[in-house]
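Taking it in order: structure first as structure tokens, then the write-up.
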Amino acid sequence: MHLNQSVSLGTKVDVRLNFSNSNTPFRCKGVVVRSHQENDKFFNVGVEFEHLDDLKRSFLEGKISELINVEKKDKS
């Protein structure tokens, strides 16, 4: 993700993802595994999600598939 501030490696975070076609945000916990300055304004931060139960994993996998399909459609 892109943030306007640096986050130290190993920092535990609460993640909330809002999807445009869902009324309920996706929430989980994670740990920062990558953080580097991308430009003057943004830091590129990678978060590894902590254990996701089967329902959350399936939901997230479905949303990722939808985003990939939209991107593929936009490129064609």
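Would you mind stating whether residue 49 is among the aromatic types (Phe, Trp, Tyr), at pLDDT below 95, surrounded by 11 or more Cβ atoms within 10 Å (Cβ to Cβ) and touching a Gly at 6+ places or on another chain (Cβ under 6 Å)? First the steps, then the outcome.
Values: among the aromatic types (Phe, Trp, Tyr): yes; at pLDDT below 95: yes; surrounded by 11 or more Cβ atoms within 10 Å (Cβ to Cβ): yes; touching a Gly at 6+ places or on another chain (Cβ under 6 Å): yes.
Yes: the conditions hold for residue 49.
Which ranges mark the strands (runs of 3 or more DSSP E) fully within the chain that have 2 or more residues being among the β-branched types (Val, Ile, Thr) and free of Cβ contacts under 8 Å to residues at least 40 places away in the same chain? Let's see the steps before the verdict.
Numbers: elements: 12-17, 26-37, 43-49.
Output list reads 12-17, 26-37.
Go over the candidates 44, 4 one by one and state the one that is polar (S, T, N, Q), exposed (fewer than 10 other Cβ atoms within 10 Å of the Cβ) and more than 18 Å from residue 67 (Cα to Cα). Full working, then the answer.
Working: 44 fails: exposed (fewer than 10 other Cβ atoms within 10 Å of the Cβ).
When all the criteria are applied, what remains is 4.
The values are calculated or read from the model by the stated rules, or taken from the named source; none is laboratory data. This is a predicted model, so every value here is computed, not measured. Cβ coordinates were reconstructed from backbone atoms using ideal geometry, including for glycine residues, and neighbour counts include every protein chain displayed.
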